[in-house]
Amino acid sequence: MSRLGIFGGTFNPPHIGHTRLAEHFVNELSLDRLLVIPTAEPPHKLSTDLASGEDRMNMCMLAFPDALVSTIELARGGKSYTFDTLTEICAQYPYDELFFIVGSDMLLSFDRWYKHEEILDMVTLCAADRQEDSLLKKHGVPEFFEGKRLHISKLAPFEVSSTQIRELIKNNESTDGWLDPAVRAYIDERGLYR
Ligand code: ATP
């Protein structure tokens with residue numbers, strides 16, 4: 001039985017906050033493999049300035065060279081619900097133990113996700129704080145996680161978002177330290193987020 005990490009996101013674009021979070025869990029939980037899954041249409045946010053699925057896939061391959069970047073949600077199209085994705089992954093990897101990786105913002109709103117209880121029966125949810133003011137410390141772990149497989153890690157937050165990165169690119173500013181140089185080169189070459 002392999003330990004399979006699953007990391008979904010808009011990845012518009014993928015930044016160091018993403019790669020750092022995923023790498024951390026791969027090491028801490030000794031995961032055998034990591035699946036990185038760019039969403040088709042993100043269900044939790046309004047998407048202005050959304051790069052194409054193909055560009056986000058290519059950027060993910062540059063940002064996560066050791067992971068398997070999956071087209072599962074882009075191929076399905078429409079709104080990307082995690083429950084549907086995990087159902088497909090369970091069928092594809094029936095003998096694997098699944099670890100679903102999220103930032104703390106997602107954890108706190110998790111009870112609004114489609115079929116969140118079923119999701120919690122399928123995976124160990126793995127989360128770390130995204131912000132210095134520690135959302136999890138402030139609000140505590142929501143009650144609906146009681147009795148579920150939840151792994152919260154004390155990884156020091158690294159505050160960056162794709163929104164901030166898109167803004168820097170629009171203003172022709174440096175993204176050093178926040179974005180993999182290969183991803184920045186891809187963005188500049190394709191003229192994304194201008
Ligand atoms: P946007 O600014 O466009 O809303 P984002 O930076 O939040 O994007 P997403 O692709 O929506 O990035 O995030 C995918 C996953 O990565 C989510 O679970 C999110 O909580 C997590 N994540 C994003 N940025 C960080 C970060 N800096 N630290 C920890 N987790 C993060």
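The values are calculated or read from the model by the stated rules, or taken from the named source; none is laboratory data. Since the model is a prediction, treat every value here as computed from it, not as a measurement. Note that each Cβ is placed from the backbone with ideal geometry, even for glycine, and that neighbours are counted across all protein chains shown. These accessible areas exclude ligands, DNA and RNA; they are computed on the full protein's heavy atoms, side chains included. Shrake-Rupley method; radii C 1.70, N 1.55, O 1.52, S 1.80 Å.
Within the straight-line cut-off of under 19 Å between alpha carbons, the aspartates and glutamates reachable from K115 are E41, E73, D84, E88, D105, E143, E146, sequence neighbours fewer than 8 places apart in one chain being disregarded.
Considering only T82, T163, T175, the mean-square fluctuation computed in a Gaussian network model of the chain, springs between alpha carbons under 10 angstrom, is largest for T163. Assuming charge only on the beta carbon of Lys and Arg (+1) and of Asp and Glu (-1), the dipole of segment 3-159 about its Cα centre is about 100 debye to the nearest 20.
Taking amide H positions as modeled 1.01 Å from N, with prolines and chain starts lacking one, the residues under 5 Å from S80 and 5 or more places away or on another chain are A40, E41.
Sequence-distant contacts, meaning Cα pairs under 8 Å at least 6 residues apart, place the relative contact order of segment 3-159 at 24 percent. Measuring r between the beta carbons of R33 and V141 and using R0 = 30 Å, the FRET efficiency lands at 0.65. Summed over the residues of the chain and divided among them, the accessible surface reaches 51 Å² per residue at a probe radius of 1.4 Å. When the charge dipole of segment 1-134 is built from unit charges on Cβ atoms (+1 for Lys and Arg, -1 for Asp and Glu) and taken about the Cα centre, the candidate among L50, L29, P65 whose Cα reaches farthest toward its positive end is L50. Converting the Cα gyration tensor eigenvalues of the chain into ellipsoid dimensions via √(5λ) gives semi-axes, longest first, of 26, 19, 16 Å.
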